[in-house]
Amino acid sequence: MSHRAFSVLTVSRMVILLLALTASAAQAQTSRAASSAAYIDRGNSWLTKGELDQAIADFDLAIASDPSYAAAYYKRGIARRLKRDLDGAIADFDRAIQLNPRHAQAYVDRSGIRYAKGDLDGVISDNTKAIELDPRLAQAWNNRGTARREKGDLDGAIADFNRSLKLNSKLAETYDNRGVARYFKGDLDGAIDDITRAIKLKPHFAGAYTNRGALLHVKGDLDGALADHNRSIELNPAAALAYFNRALAWEAKGDLARAIADYDQAIALNPGHAEAYAHRGLARLGLGKDAEAEKDFARSVALKPGLQDYLARQIKVLKQRLAERGPRLNQ
């Protein structure tokens, strides 16, 4: 009898011991989560100040404190993306999604990295998942629309942009994106209207000025185009595309010297800009700088072989036009 009593008592103590161990483990987990959250809070503070290395160091500590905390990987991914560490950022977003498959914003942010890497199918997949998880994410609709536009699905893109703007009518980037899609659909006036709306919402949106300037050029308003390109360059002097587009406008106005100066700057900012070499070569040819033009044509085709036929046609037309004008001075 006493033996049975001893056995029951022992089991009872074992249960109490197991409960105590479980409680201790839960307390440890809570402590780790609290510690990790504290590091994340401090990392967020560094992130807000633009101190990316300090932010990443704190997110590292958060992960070391609690390796199962999805938010720590997500935040570090954001910081790494801002440092242009795209591989590190996408690895962190992958891990955040693995730990929390319902983290809709992580899919959206990962899609931004995939877009930068040229993975348009990945962009569509990520944002479709984000929309499934949270259909109210206007940014997800915008991002998917951008990828669809670049894949040539203009109707799908415009439908996504419309949905994005219905959710948030203040998204300047979405108006700009829809404007580009409308241009490719042949709706030039609608495109200009959308991008003008983007500029009203975000007056320092350099890319929108570049895009509207290009559309005004197509419409034949070269002075308006130049004004927009000037503003774009004022806002972002490091944008090669703005210099390239302004050079095209100068070239269309017949000011080849200014065009060449802008092509020079576009190439300095982006040495792989094949079209800038091609058009600088045409401008140089127009000024009688044949040897320099040939070097530009060769460089352009070396960078982008698909330009060869286009260049051949442009050179033929230009030479015919120059022949009609009579002899040129060799400058």
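The values are calculated or read from the model by the stated rules, or taken from the named source; none is laboratory data. Remember, it's a predicted structure, so these values are computed and weren't measured experimentally. Glycine also receives a Cβ, built like all others from the backbone with ideal geometry; neighbour counts cover every protein chain displayed.
Screening residue 54 with (1) surrounded by fewer than 21 Cβ atoms within 10 Å (Cβ to Cβ); (2) closer than 27 Å to residue 123 by Cα gives one miss only, at (2). Within the range 206-214, identify whether any single residue is surrounded by 18 or more Cβ atoms within 10 Å (Cβ to Cβ), out of contact with any strand residue (DSSP E or B) (no Cβ under 7 Å at 6 or more places or on another chain), under 27 Å from residue 269 (Cα atoms) and charged (D, E, K, R), and answer yes or no. Yes, some residue in the range 206-214 is surrounded by 18 or more Cβ atoms within 10 Å (Cβ to Cβ), out of contact with any strand residue (DSSP E or B) (no Cβ under 7 Å at 6 or more places or on another chain), under 27 Å from residue 269 (Cα atoms) and charged (D, E, K, R). Restricting attention to the range 237-254, the residues being within 14 Å of residue 282 (Cβ to Cβ) and either among the hydroxyl-bearing types (Ser, Thr, Tyr) or surrounded by fewer than 17 Cβ atoms within 10 Å (Cβ to Cβ) (or both) number 2. Just to be sure before I move on: is residue 234 surrounded by 17 or more Cβ atoms within 10 Å (Cβ to Cβ) and charged (D, E, K, R) in the structure I sent? No.
Checking residue 163 against (1) closer than 21 Å to residue 130 by Cβ; (2) surrounded by fewer than 17 Cβ atoms within 10 Å (Cβ to Cβ), which single condition isn't satisfied? Going through (1) closer than 21 Å to residue 130 by Cβ; (2) surrounded by fewer than 17 Cβ atoms within 10 Å (Cβ to Cβ) one by one, residue 163 breaks only (2).
Against the criterion of being more than 26 Å from residue 94 (Cβ to Cβ) and either within 16 Å of the chain's Cα centre (by Cα) or modelled with pLDDT under 95 (or both), residue 180 qualifies.
The residues in the range 150-177 that are within 15 Å of the chain's Cα centre (by Cα) and of a type in the set (S, T, N, Q) can be counted, and the count is 2. Residues that are over 19 Å from residue 214 (Cβ atoms) number at least 3 in the following helices (runs of 4 or more DSSP H) confined to the range 236-288: 256-269, 274-286.
Total residues in the range 168-200 satisfying the condition of being hydrophobic (A, V, I, L, M, F, W, C) and surrounded by fewer than 17 Cβ atoms within 10 Å (Cβ to Cβ): the figure is 2. The residue list 226, 303, 322 contains one member that is at pLDDT below 95 and of a type outside the set (Asp, Glu), which is 322. Residues in the range 84-120 that are at positive phi and either charged (D, E, K, R) or in contact (Cβ under 8 Å) with a residue 40 or more places away in the chain (or both): 84 only. Consider the range 274-291 and keep the residues that are small (Gly, Ala, Ser) and more than 20 Å from residue 249 (Cβ to Cβ). The one that is surrounded by the fewest Cβ atoms within 10 Å (Cβ to Cβ) is 291.
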